[in-house]
Each structure stands twice: as C-alpha cells, then as structure tokens.
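Structure first, then comments.
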Amino acid sequence: MSYFKVLGFEKEPFSTSPDPEFFYLSREHETALTNILIELRLKRGLSVILGDIGTGKTTLSRKLIRELKERDDFIFHIILDPSFDSEYLFLTSLARNFDINIADISSPTIIDLREALERFLFQKGVTENKTVTIIIDEAQKLNESSLEVLRVLLNYETNEFKLLQLVILGQLELHSKIINMPNFFDRISFKYTLNPFDFDETKEMIEFRVRQAGYRAGMHIFLDEAIREIYQYSRGYPRQINVICHRALKNLVLKNKFVVDAEAIREMAEEEIKAGWRRKDLSLQKNNY
C-alpha cells in the first residue's frame, strides 16, 4: 500500500508533477492566468511569464492548456523544450505539429515554411475564426534565431488582431534575452513575474493539496507550527514546499506518527543538511528570518 493511503489520502498529495488538479491558484497565479486568457481572447499576440525555478510556471501552463481544451475555438500547441539549433528546424517543427501539409514541396526552404505557416494562420484565424496559440515552456532556452522566428510570426496580422497568439514562460534570465531584442520586446502585450509565496499562501497551498488528495480526517495533518517551518525552509517556492511535505508524510509512516509538527520538519532538515544537500539541489536549507 502506498504511504499516502496509509495516512488516509486517496491520491499522492505532494507530487512535483504539473497536475492541474493540484494546482493551487495563488493570487499571482490567478492574476497571470486571467490576464493571459484575456490577451488570448482579444488576440493581442505575445504574453510573457517570468519566474525563478520552482515558482509554478510549468503547472500554470498546464492549467492554461486545460482551460483552452474546454473552448472549441482554440487551436493550440505546447512546446516543452524549445532548444532548436536553427530557424529551419523550428519552422519545420511548427509545421509538423500543426499538421500543415508541405508534402507537395520536395525541398522546402525557410521562405516556403514561413509562407505555409502564414497561409495556415490566415485560414484558421480569419476564414475559420479560430484562435491559434503556441505555448512555450522553458522559454529561456530559446536562442536568438528562434526568437526571430517568433517575431516574424507575430507580424502576421489583420487590421484587427494578431493571427498567432504566443505565451512564453521562462526563468528570469529570459528577460535579459528579450530586452536586448527591441523588435521582439516591443511586441509584448502582457508581461508578469511570478514570485514565491508568502506564509498565508504556503499554508493555503498545503491545505488545498491535502483536500484535493482526499484527506477527510477531522484533525490537521500539518500543524501550523510545522507549516511555519516549511515556509522558512522552502522560502515560499511551491516546488520546494511539495518536496518538503512529501518527505514529511513519508516520515510519518516510517515513525508511526499521525501529524507533522515543527520538530519533525526541523529534524528532517537537519538530516538533509548533514547529508550534504544544498538549496540549488532542491534540498532543505533554512534561511534567516
């Protein structure tokens, strides 16, 4: 039997997989998601979401995809690893993923691929009144040639709207890349930076995921004092919160206990530190508060 079922859960509550069902919509995440959806509806073009490692960008992208799946007027594709060596490879990938037929061209050139994408965007966006959207995760991996591809695609428009909607999510280093490309940076319609949670959001996230996982016992499995320690060790980073809570629940089973208290989190942190882990390795390192 899985450890979480022993404790009364129906599902694993603190998986680090980007499951939209377990996505705690903090104030910042809700602001980002709401604004992205507005931008897409208005077909304004480019939205950029920035955030440090572990602030929930990937899970936000999955939540966005779930929202778009419920709308029959969207055609979308997500790129999980935008590491393309050349403009040609990037354009070919886009054509393939949108099922654009280029089979009648024996050796398509970059110009052929651009024109095929433009025809596709016009057909879907104008003739069929669809909203074509590309979502790019890990966008800090985009190189200059790929950013130039996106800039060109954003040029395709009618008098009223952009034919392509683009949502890119990346680490903070992405900002320094795009700010050095004025022709790309100027096309941003919405830009937002996700920050770590405060204490209240940390508590709300933990309690939300516990409920989502089917925990129905009358007592709190994480005491407030434990949540305070979790917040201090995680610095409010959602991924770190998940890692700590997952380990804490496993320790409950191993030690035959029923609630996570402050001492349990401190002991676990000390064990991790003794083992030589560091914050950059997603371990537990307490900050000064």
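The values are calculated or read from the model by the stated rules, or taken from the named source; none is laboratory data. Everything numeric in this text was worked out from a predicted model, so none of it was measured. Glycine gets a Cβ as well: all are built from the backbone with ideal geometry, and neighbour counts include every protein chain shown.
Some notes on this structure:
- Summed over the stretch 153-189, residues that are in a loop (DSSP other than H, G, I, E, B) and of a type in the set (A, V, I, L, M, F, W, C) total 4.
- Any hit, the stretch 227-234, residues being aromatic (F, W, Y) and either assigned by TED's automatic domain parsing to the domain that holds R44 or buried (at least 18 other Cβ atoms within 10 Å of the Cβ) (or both): yes
- Of the candidates I136, I65, I78, the single residue that is under 28 Å from K177 (Cα atoms), modelled with pLDDT of 95 or more and touching a helix residue (DSSP H, G or I) at 6+ places or on another chain (Cβ under 7 Å) is I78.
- Test: residue in the stretch 21-35 that is in contact with an Asp or Glu (Cβ under 8 Å, 6 or more places away or on another chain), over 21 Å from V210 (Cβ atoms) and either charged (D, E, K, R) or outside the structural domain of L166 (by TED's automatic domain parsing) (or both): no
- Looking across L89, L113, L80, one residue alone is within 27 Å of H175 (Cβ to Cβ) and in contact (Cβ under 8 Å) with a residue 12 or more places away in the chain. It is L80.
For every residue, the table says whether it meets (1) under 23 Å from I49 (Cα atoms); (2) not in a helix (DSSP H, G or I); (3) not hydrophobic (A, V, I, L, M, F, W, C).
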{"position": "K191", "(1), (2), (3)": "yes, yes, yes"}
{"position": "P196", "(1), (2), (3)": "yes, yes, yes"}
{"position": "T202", "(1), (2), (3)": "yes, no, yes"}
{"position": "E207", "(1), (2), (3)": "no, no, yes"}
{"position": "V210", "(1), (2), (3)": "no, no, no"}
{"position": "H220", "(1), (2), (3)": "no, yes, yes"}
{"position": "I227", "(1), (2), (3)": "no, no, no"}
{"position": "G236", "(1), (2), (3)": "yes, yes, yes"}
{"position": "Q240", "(1), (2), (3)": "yes, no, yes"}
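- Hits in the stretch 90-120 (condition: farther than 15 Å from V149 by Cβ and among the hydroxyl-bearing types (S, T, Y)): S106, S107
- Qualifying residue in the stretch 29-46 (condition: modelled with pLDDT under 95 and of a type outside the set (D, E)): no
- Candidates F161, F120: the one that is farther than 30 Å from T193 by Cβ and either in contact (Cβ under 8 Å) with a residue 60 or more places away in the chain or among the aromatic types (F, W, Y) (or both) is F120.
- Test for L40: is it under 21 Å from T127 (Cα atoms), crowded, with 22+ Cβ neighbours inside 10 Å and not assigned by TED's automatic domain parsing to the domain that holds G236: yes
- Test: residue in the stretch 48-63 that is surrounded by fewer than 17 Cβ atoms within 10 Å (Cβ to Cβ), of a type outside the set (G, A, S), closer than 11 Å to T133 by Cβ and in the same structural domain as L164 (by TED's automatic domain parsing): no
- Taking the criterion of being of a type in the set (F, W, Y) and part of a loop (DSSP other than H, G, I, E, B), the only residue of the stretch 38-96 that qualifies is F84.
- Only one of K63, K57, K11 that is over 19 Å from the mean Cα position of the chain (by Cα) and of a type in the set (K, R): K11
- Whichever residue in the stretch 100-128 is among the acidic types (D, E) and part of a helix (DSSP H, G or I) and, among such residues, is nearest to the chain's Cα centre (by Cα): E118
- Within the stretch 242-270, considering residues that are basic (K, R) and either outside any helix (DSSP H, G or I) or touching a Cys at 6+ places or on another chain (Cβ under 6 Å) (or both), the one farthest from V210 (Cα to Cα): K255
- Once the stretch 134-176 is narrowed to residues that are among the small types (G, A, S) and either over 20 Å from D52 (Cβ atoms) or not assigned by TED's automatic domain parsing to the domain that holds F76 (or both), the residue that is surrounded by the most Cβ atoms within 10 Å (Cβ to Cβ) is S146.
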